[in-house]
Structure formats: structure tokens, C-alpha cells
Ligand code: V47
């Protein structure tokens, strides 16, 4: 980047501050969101990305399983859920899940990603048995399953504590937890969009309980709906504080709201400009998060490639059969092969590193 451009940028003081190792505060975060100097925001984030991860860019071969989309909640931003008996609702039997896993048993999959609805029509044991089943069929794969929302739901259903539910799931084979369900920590946004979900404190507490048990987790932020920049920055600062305490988060994944087929369908889609800002500002504020994920399913392949120069160092995985985003109008592919993922990363000037769920490098010889 042209040194003159950097020198003349109105964000030069912030660049110097971050380079000297100082943390971005609330006002800095706000300034970044209000700034239109996208290249300079990207430059600051890229500096931090290269310091931490060099040119390495992670991807994984994974399989998504969404056991049920029947959900007791009715979050306004969600196109995935259905009510019992409603058209498009489904509930997979354990046998159907077995078949989905066996269909891809020849593939070198490292991670099984499992999330679904809060389904009152399923017994508590089903949720545990799903994990046992995956462990039986894929003894070596990493099981990344159930958001904090599902853990709280299972605790409520069974009368057990959050910790006991986690212990039981760990015993069945759960290794890590995905970052969903955090949405936007603001209580104002929660009241308007996802009333029945966990509060920020509850979400953070369940992640802290997982971290205490050695279970690493991810964190997300759903942006591009009714939230303010202040609310975004507060969300990020609360995640940073939680990470200072536990060190258990692996990756942060900003998720752009997809309005199609939701009750908020009249809202415009997030712009590419905002997508890149969210990746970059996430990298800048979350200086204690090892990884920032540009989830290609949500961003599309092209924007995910650009995001790698704006602070992201992970593009997630092969996926196959994604439902949450595709039911909300995402027109990205359903899957990418190892070759395609490697191609995306190398074309962008970065070094592909195939990873397992804990970011250990695997299959160097194949790549
Ligand atoms: O919590 C739901 C979001 C999340 C919509 O941890 C929507 O590796 C946009 O958390 N438009 C679930 N977003 C997905 C998720 C995730 C994805 C990939 C990787 C990981 C990980 C986690 O999706 C929900 C919610 O925030 N969501 N509906 C929608 N219409």
C-alpha cells in the first residue's frame, strides 16, 4: 500500500496505536465503524493478521448436520425454523443421520458441525444420542455441536444444570461448540428480534463453563439488521473481556443478516463494504482471538477471498448441505472441494493450511 496513502489517512494515529501494541477501545471501535477509509481499516487489520498468522489461511473438510428445524423459538431473523406440522419442517431420525454420515464416509472429514432447533417433540436423550452416533461412525472426527442456546434448552428440559448437560455431551463425544446464538448482545436488539433467546450474560456463562471443561468454542455476531455501531462495538468488547478471562475461544465469525424468507425481509442486505468492515474491525478489537473466520457460505466465495486481506485467516470448510443461510436466500454453493478451497486461498495470495477443528495442520502432503 502506498506509504503516502497511509500517512495521509485520518486513521493514521489509530494505526500507530495498534502497531505499538495498545488495544482498541470503545471510541476507537466507533471511529472505525464510522470511517469510510476501508483500505486503511483493512491495512490495520492485515497488520494484526500477519503478525499472528502470517500468510497462513485455514480451511477444513467438514460436514454439517442439522438434525431438526422444528423450534420452540420464533426469532425474527431466522428462515430456518418451522413449527410442528408446518410445511418444510423436518426431524431426522437417528437412522437418517447415520445414513447422511455413511454417505460421506469415504471422505477425509475432520469436523462434524451439528446445530438445530429447540424441538419439544424430541426426547432429551435424542440430543445426546446424536453425538454418540457421530462418535461411533466417525471415531476420529472432531464433533463441534450445539450452541449455548441448545445447551440451556436441554438443561431446562431435563432439570439438569448447564454444567451437567455439558458433561453428559462431552462424555458422549462432543469436542467443541460452535459460536451461534450470540446474535447481538444488546438487550434492546434482543427484545425486538429474539425475545426468547439467551441473554448476553447467559450465553457468555455457558461458553465460560465449556472453557472450564477444556472445550474450546467459537463466537459470532449477527450484524446488518437493526443494531447500532455502539451495539456492535459493545458486543466485541464483551467477547474480548470473556476471552481475557478464559482464553477458550478459537475463532470469531461475523455473520451478515440474510433477510430473505424471514419476518425482516424488508430490510436491505448488508453491503460488501460493511462485510469487510466487520471482518477487519473484528480482527482489530478481538486482539486475543487466535482466528477470524470469513465464512464463505455467508459472504460468498468472492468476498471471502477479499476478506483474507482484511484480517480473516480462515474460510471454514467444505460444508455440504448448509441450511441456515440457504433457507435465508444465500446463493452461494452448497459445498466446496479441497481443491476449490485451496484454489480460493492461493489465488488470493495466501498459503492454504488444511486444519482440524483445533487448528492443527493436517494433510500437508496432500495440499
Ligand atoms: O446463531 C440465523 C445466524 C447462526 C440467519 O462456529 C442468520 O464455526 C444471517 O453460528 N441471516 C448459526 N444469519 C450459524 C453459526 C455458524 C456458522 C458457521 C460456522 C460457525 C462456527 C457458526 O446463524 C445463528 C444466527 O446468528 N443466522 N439466521 C439469517 N437469516
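Brief remarks on what is shown
- Pairing each residue of segment 291-302 that is in contact (Cβ under 8 Å) with a residue 60 or more places away in the chain and farther than 13 Å from residue 275 by Cβ with any residue that is more than 11 Å from the ligand (Cβ to nearest atom) and part of a loop (DSSP other than H, G, I, E, B), provided the two are 6+ apart or on different chains, yields C-beta distances under 9 Å for 291/312; 291/313; 291/359.
- Any pair with Cβ under 7 angstrom, 6 or more apart, that starts in segment 215-226 at a residue that is more than 15 Å from residue 286 (Cβ to Cβ) and ends at one that is near the ligand (Cβ under 8 Å from one of its atoms) and part of a strand (DSSP E or B): 215/177; 222/255; 224/256
- For residue 252: the one exception among (1) in a helix (DSSP H, G or I); (2) at pLDDT 95 or above: (1)
- Summed over segment 254-290, the residues that are within 12 Å of the ligand (Cβ to nearest atom), more than 14 Å from the chain's Cα centre (by Cα) and in contact (Cβ under 8 Å) with a residue 40 or more places away in the chain give a count of 10.
- Test: residue 293 is at pLDDT 95 or above, within 10 Å of the ligand (Cβ to nearest atom) and under 27 Å from residue 346 (Cβ atoms): yes
- Consider segment 199-224 and keep the residues that are over 17 Å from the mean Cα position of the chain (by Cα) and either under 13 Å from residue 77 (Cβ atoms) or outside any helix (DSSP H, G or I) (or both). The one that is nearest to the ligand (Cβ to nearest atom) is 199.
- Residues satisfying the stated conditions in segment 325-341, i.e. more than 27 Å from residue 53 (Cβ to Cβ) and out of contact with any strand residue (DSSP E or B) (no Cβ under 9 Å at 6 or more places or on another chain): 326, 327, 328, 329, 331
- Within segment 53-104, if we keep just the residues that are more than 21 Å from the chain's Cα centre (by Cα) and within 26 Å of residue 184 (Cβ to Cβ), the residue that is surrounded by the fewest Cβ atoms within 10 Å (Cβ to Cβ) turns out to be 83.
The rows are residues; the columns are (1) within 20 Å of residue 218 (Cβ to Cβ); (2) not in a strand (DSSP E or B).
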position	(1), (2)
304	yes, yes
312	yes, yes
327	no, yes
332	yes, yes
339	no, yes
344	no, yes
354	yes, no
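- Residue 242 vs. criteria away from the ligand (no atom under 12 Å from the Cβ), surrounded by fewer than 19 Cβ atoms within 10 Å (Cβ to Cβ), at pLDDT 95 or above and part of a helix (DSSP H, G or I): no
- Options 333, 347; residue that is under 22 Å from residue 109 (Cα atoms), touching a helix residue (DSSP H, G or I) at 6+ places or on another chain (Cβ under 9 Å) and surrounded by fewer than 24 Cβ atoms within 10 Å (Cβ to Cβ): 333
- Residues satisfying the criterion are present in segment 323-338 (criterion: within 17 Å of residue 269 (Cβ to Cβ), under 13 Å from the mean Cα position of the chain (by Cα), within 14 Å of the ligand (Cβ to nearest atom) and at pLDDT below 95).
- Lone unmet requirement of (1) within 25 Å of residue 172 (Cα to Cα); (2) within 10 Å of the ligand (Cβ to nearest atom); (3) touching a helix residue (DSSP H, G or I) at 6+ places or on another chain (Cβ under 7 Å) for residue 251: (3)
- Wholly enclosed helices (runs of 4 or more DSSP H) of segment 1-110 bearing at least 2 residues free of Cβ contacts under 8 Å to residues at least 12 places away in the same chain and under 27 Å from residue 241 (Cα atoms): 12-19, 38-53
Condition check ((1) within 30 Å of residue 61 (Cβ to Cβ); (2) modelled with pLDDT of 95 or more; (3) crowded, with 21+ Cβ neighbours inside 10 Å) across all residues:
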{"position": "130", "(1), (2), (3)": "yes, yes, yes"}
{"position": "133", "(1), (2), (3)": "yes, yes, no"}
{"position": "136", "(1), (2), (3)": "yes, yes, no"}
{"position": "143", "(1), (2), (3)": "yes, yes, yes"}
{"position": "147", "(1), (2), (3)": "yes, yes, yes"}
{"position": "158", "(1), (2), (3)": "no, yes, no"}
{"position": "164", "(1), (2), (3)": "no, yes, no"}
{"position": "167", "(1), (2), (3)": "yes, yes, no"}
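The values are calculated or read from the model by the stated rules, or taken from the named source; none is laboratory data. From a predicted model like this one, the values you see are computed outputs, not experimental measurements. Every residue, glycine as well, gets a Cβ built from its backbone with ideal geometry; the counts of neighbours run over all protein chains shown.
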